[in-house]
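Heads up, the thing below is written out as structure tokens.
We did not get these values from a lab; they are worked out from the coordinates using the rules stated. The model shown is predicted, which means the values in this text are computed figures rather than measured ones. All Cβ positions, even for glycine, are placed from backbone atoms using ideal geometry, and neighbour counts span all protein chains on display.
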Amino acid sequence: MKKYLFTGIAILFAIQLQAQYIKGVVKNSENSKPLSGVIINWLGTTSAMHTNTEGEFMIEKHEASNLLVISILGFDKDTITVVESDVLTIYLNPNNALDEIIVETDTDGEYHSTTTTHAMTTITSEGLNKLPCCNLSESFENNASVDVSYSDAVSGAKQIQLLGLAGVYSQILRENLPVVRGLSGNYGLTHIPGPWLQSIQISKGASSVRNGYESVTGQINTEFKKPEKSDKLFVNLFGNSEQRMEANITTAFKITPNWSTMLLAHGNMLTRAHDLNSDGFADMPTGQNLNLMNRWKYYNGTFMEAMFGISVMSDERSAGQIEHAEMLENPYLIELRTRKAEAWAKVGFILPDNLGTIGTMYSANLYEHSSVFGLKNYSGSHNNLYINIIYEKNLGYTSRKLEVGTSYLYDDYREIYSETAFNRIESVPGVFTQFTYTPTHRFNIIAGLRADYHNVYGIFYTPRIHTRFEATEQLIFRASAGKGYRTASVFAENAGIFASSRTLILQDNLNRDEAWNYGATMSYKVEIEKNRDFSINLDAYRTDFIKQVITDLDASAHEIRIQNLNGQSFANSFQAEIAVEPLKQLDITAAIRYNDVKITLSDNKLHEKPFVNRYKGLVTVSYTTRYEKWKFDITNQFNGTSRLPDLSENPTANSFTERSKPYYILHAQITKKLKHVEFYIGGENLFNFRQKNPIIDPQNPFGEHFDATMVWGPIFGRAFYGGLRFTLN
């Protein structure tokens, strides 16, 4: 009934709302970069609007005029005749009216979109540079929505949480292609170099049906640097007080007017093991990582655009009792090895005679991982193929857009744990449709439905709906609802299977995950003075699981039970955020978030989900001097308590308290900018907070009580770092 309700709502709005509008994008004719702040108005009228930061605009049709005037200082003014058409793309020619012009502008490190129907937060390149941002897992330290933590105290694997639930319930994409999923879910975040990123878009709640059925709590889409827009040469060098060293080099150049390419290289290493809490185990794995990518862009200037590339990655790590291995008769050693190769392509066509557009996306991945944890061995491979084809057409009016498409997802999993093979193949063809209706610039609705046939679990029906209402220019409301599905990769998603002496109890015939997500947001933004804003963003989301594969750590201190849900499971998340610029070039953001996450465990009782902070507070302060010569950034995190699994069966010395302690983290960075180079120094976790004794019974790693998975806080203390960013335009 719910999917029919979604379709009915969309049809009702389509019938009742009949206004029309024109939308488009304005770009620089020399480099195709979008132009923000461009004035758009109908000839002979005084009412005008401006393009947003992406160069986009949307203006209501005017009965008395069909001539649209486009103007901005530094470019030739243009007037175009508007007819019924697809989205307009307008190119303005730079002029030489001014010999020199100095423009001072504020570049937000993070902003909430006011134009998208989906509630979206974008972390810009400026925001990524406020912290060392060595990889994707370290890119969310100054974001209130996403939490990042270590999955255990020995392997260095990191996991995220969004809306109080693990990151496996969120889609992680690279330019709308799946990138971290399946077996790469445990270590994949650390394999995406931060300096390669142009921006990160975080969308909470139900996402578009265009990208598949897997998103439950939201999407994290990473935009990499583009060949046609990037600097000729970029070098980022980083080192910290713990002897971690990283280097990133990217170079981009045009081969012909139609072809451009880009090379990206990343390498990092940690050669020295550290044991700051003196438990005999290395706090972080040593080893090295090498990551290479080559991407291409082709644009023929009229009807076709293509992007494609290849990448390879190799990662080797050692951990455990490596610092004292020679002194021990039988040391507990950890060896991790990961290999990945990927090829992808995106090709788009503009059909003649306003017949619409066709977009195609393809990717193929080969992923291999092997690990040794003491006496436990695990190896796995994951071969993946993804195809997505979308046709898009405006239905007579630019206020109505229809998208239809088809997709295919193929996963081949081969895993061996404790000499037992766990192999499976998932083959999922699907079809989808999405209807967008925007009667005015103040209101729009997107309703989508997809159907996928899973070779194991049958048909997945995925309805989703999003609405946006602009009450005033300053006040915007959004609402969304939708369903999501996913299948569990239990070994990749539960590092505790390896870094613990617990026995794995794996239920037969594990089901898929199936959940509804509902959300509502409010955004208010007002200009205090010219170029100084004050904004408030509020959001509330609820996730209800119908079916779920759960990991029960409470049933026994000596077991890990992976089984199907039998009862309720839900997550409520509430967040409030305020951003203000009290003084010119001084930005302050303060946010607080509350999570209420419950799950039914083996005792058939509803429990608070372990390792989920009830609340989190965040305050970031950024100050930039004139011409951005100096930048000062401070990040304050306040992390609340979380419930810990029941370990009462263990001896007192090997048991934890019922709840974790609240803790405070401080990061700070100073950046000095010269003509072609930026120097930065900073410190992480400056008050040196560390979870005491994150490993249970570390003196007896082969004993029955050993457990390195009870991690609720930082396990690595204070670290100082420095580096440089060299740019050649």
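In this structure, D603 and M269 have a Cβ-Cβ separation that, at R0 = 51 Å, corresponds to a calculated FRET efficiency of about 0.65. In the chain, a dipole from Cβ-located charges (positive for Lys and Arg, negative for Asp and Glu) runs towards its positive end, and of M120, V82, N604 it is V82 whose Cα lies farthest in that direction. On the principal axes of its alpha-carbon atoms, the stretch 597-683 has extents of 63, 28, 20 Å, going from largest to smallest. Packing-based ranking of 609-616, 524-531 yields 609-616, 524-531, ordered from highest to lowest mean Cβ neighbour count within 10 Å. Relative to the Cα centre, the charge distribution of the chain, modelled as +1 at Lys and Arg Cβ and -1 at Asp and Glu Cβ, gives a dipole magnitude of about 1040 debye. Residue separation of A325 and D533 scaled by 0.36 nm, minus their Cα-Cα distance, works out to 69.2 nm of gained length.
The ranking of Y91, Y485 from fewest to most other beta carbons within 10 Å of each one's beta carbon is Y91, Y485.
Here's the picture: charge each Lys and Arg Cβ at +1 and each Asp and Glu Cβ at -1 in the stretch 223-728, and of S371, F469, G519 the one pushed furthest to the positive end of that dipole is F469. Taking the fewest neighbouring Cβ atoms within 10 Å as the starting point, the ordered list for L43, L128 is L43, L128.
As a rough footprinting exposure proxy, the listed residues S501, S215, S427 were ranked by other beta carbons within 10 Å of their own, and the order from fewest upward is S427, S501, S215. Most tightly packed first, judged by the mean number of other beta-carbon atoms within 10 Å of their residues, the peptides 377-385, 436-444 read 436-444, 377-385.
Computed from backbone phi with θ = phi - 60° and the Karplus coefficients 6.51, -1.76 and 1.60, the 3J(HN,Hα) list for the stretch 173-185 is 10, 10, 6, 6, 10, x, 10, 10, 6, x, 5, 7, x Hz; x is used for glycine and proline. By the helix-only formula, in which each DSSP H run with n ≥ 4 contributes -39500 (n - 2.57) and the sum is divided by residues, the chain has a 222 nm mean residue ellipticity of -1000 deg cm²/dmol. When Rg/Rh (Cα atoms, Kirkwood Rh) is computed from the coordinates, the matching label among [x] 0.96; [y] 0.99; [z] 1.06 is [x]. Potential lengthening of the chain between Q699 and K376 amounts to 114.5 nm, from the contour at 0.36 nm per residue minus the alpha-carbon distance.
When each of the peptides 487-500, 347-360 is scored by the mean number of other C-beta atoms lying within 10 Å of its residues, the order from highest to lowest reads 487-500, 347-360.
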